[in-house]
Amino acid sequence: MLKGTEEACPETAREATGLKQFDDLREAFLTMLGHELQTPISIIKGYADTLIRRADQQNDKFLLQGLRVIEDENDRLGRMVEKLLFASRISTGTSALEKEPIQFPILVRNMVRRLKPLAGSHSFEIRFARGFPPVMADPGLMEQVVSNLVENAIKYSPQGSKITVSGSVSGKRVLVSVSDEGIGIPAEKMEHLFERFHTVEDQAVHVAKGMGLGLYICKAIIEAHKGTIEAASQPRKGSRFTFSLPLEDV
Ligand code: ADP
């Protein structure tokens, strides 16, 4: 059947093979690049740390300020490389799930506390239904999902606005949502939102541009847990990302 299709349509078959090879090559290149970048990033971090301590002792404010910028940007680069490697582990299926019972209200509260320094004057509301059950899932990966969604909510909504994380039970699934009062996402961009390297170009917002990996990673993690994730948004009003996970016996 496939052979017949190939013969009937040789160009398409060749294109498909070419695309697969291109995808494999891109995967290998990104993984290699990610690994190669890890060493210089940690060396820069080590030197920046040492020099910051010295500049601090000598009370050299100018030097201190410059070194802190180097440290922050290096940390940002480090996080991007981590995401890149993580995304490639997911797409090659080399990340195994280590499930245990997770208390989402606690995980979310801790994550929000950890992200507070990023959040400036945003306020947070955490609203879980009473008796929200424990969910069998990989805790490290769930932290990654919640932190990607909350970081995006912070990045794409104005200072002073509210971010709500809520949880409820619907039949044999739990639903967790992260809502913001931010810039929203144009309707025509919604379809490709969860694809790798997809970013929304025309958003009038001045934030450090990401690589478009966060939502792709969230979707891959949630689907690996047999869940679903979706977005709803109204431009200039806000966005809501909701993921569902099956309730298994704990
Ligand atoms: P990035 O690293 O670029 O933030 P993501 O995959 O997390 O990558 O997000 C992809 C794109 O979706 C972002 O570039 C942004 O344009 C849009 N986006 C994600 N979350 C939100 C949100 N809460 N509000 C508005 N736009 C968002």
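Some values worked out for this structure:
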item: Estimated [θ] at 222 nm from DSSP helical runs (n ≥ 4, -39500 (n - 2.57)) normalised by residues in the chain, nearest 500; result: -18000 deg cm²/dmol
item: Surrounding net charge for Ser88, when Lys and Arg each add one and Asp and Glu each subtract one, Cβ distance under 12 Å; result: 0
item: Whether the range 148-237 is rounded, prolate or oblate, judged on the alpha carbon gyration tensor where a/c under 1.5 counts as rounded; result: oblate
item: Carbon + sulfur, % of accessible area of the range 142-186 - ligands and nucleic acids excluded, 1.4 Å; result: 48
item: Of every Cα-Cα pair in the range 6-139, the percent that sits beyond 18 Å; result: 75
item: Gyration tensor verdict on the range 29-85 (Cα atoms; rounded if a/c is under 1.5, prolate if a/b is larger than b/c, oblate otherwise); result: prolate
item: 3J(HN,Hα) from dihedral phi, the range 27-35, Karplus parametrisation 6.51/-1.76/1.60, rounded to Hz, x for glycine, proline; result: 4, 5, 5, 5, 5, 4, 4, x, 5
item: Phi-based couplings in Hz for the range 232-240 (Karplus 6.51, -1.76, 1.60; Gly and Pro marked x); result: 10, 8, 10, x, 6, 10, x, 10, 9
item: Rounded accessible area of Phe22 (nearest 10 Å², 1.4 Å probe); result: 120
item: Whole-Å distance, taken between Cα centres, linking the range 110-165 and the range 58-83; result: 25
item: Anchor Lys226: aspartates and glutamates whose Cα lies under 20 Å away (excluding residues fewer than 8 positions away in-chain); result: Glu98, Glu100, Asp138, Glu143, Glu195, Glu248, Asp249
item: Full-extension gain in nm, Gln234 to Met211, via 0.36 nm per residue minus C-alpha separation; result: 6.0 nm
item: Computed lengthening from Ile70 to His35, 0.36 nm per intervening residue step minus Cα-Cα distance; result: 10.5 nm
item: Whole-number percent relative contact order across the range 154-250, with pairs defined as alpha carbons under 8 Å at least 6 apart; result: 34
item: Contour minus Cα-Cα distance for Thr199 and Tyr47 (0.36 nm per residue); result: 51.4 nm
item: Karplus-derived HN-Hα couplings along the range 127-142 (A = 6.51, B = -1.76, C = 1.60, θ = phi - 60°), whole Hz, x at Gly and Pro; result: 10, 10, 4, 4, x, 3, x, x, 10, 6, 7, 7, x, x, 6, 5
item: Distance violations [Cα-Cα > 25 Å] among Lys61/Lys83; Lys116/Lys189; Lys155/Lys237; Lys116/Lys237; Lys99/Lys155; result: Lys61/Lys83; Lys116/Lys189; Lys99/Lys155
item: Exposure of Met32 as accessible area (Å², to 10), given a probe of 1.4 Å and all protein chains; result: 100
item: Neighbourhood net charge (13 Å Cβ-Cβ; Lys/Arg +1, Asp/Glu -1) for Ala224; result: +1
item: Thr92 accessible area, assembled protein chains, probe 1.4 Å, Å²; result: 80
item: Rounded if a/c under 1.5, otherwise prolate or oblate - the range 61-119, Cα gyration tensor axes; result: oblate
item: Distance between modelled label sites at Ala13 and Leu25, nm, 7 Å Cα→Cβ extension; result: 2.2
item: Burial order of peptide ranges 40-47, 182-189 (average beta-carbon count within 10 Å, highest first); result: 182-189, 40-47
item: Ellipsoid equivalent to the range 84-235 - semi-axes via the Cα gyration tensor, in Å; result: 23, 20, 15
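The values are calculated or read from the model by the stated rules, or taken from the named source; none is laboratory data. The structure displayed is predicted, hence computed values, not measured ones. No Cβ is skipped: glycine too gets one built from the backbone with ideal geometry, and neighbour counts run over all protein chains shown. Ligands, DNA and RNA are excluded from the accessible area calculation, which covers all protein heavy atoms including side chains. Shrake-Rupley method; radii C 1.70, N 1.55, O 1.52, S 1.80 Å.
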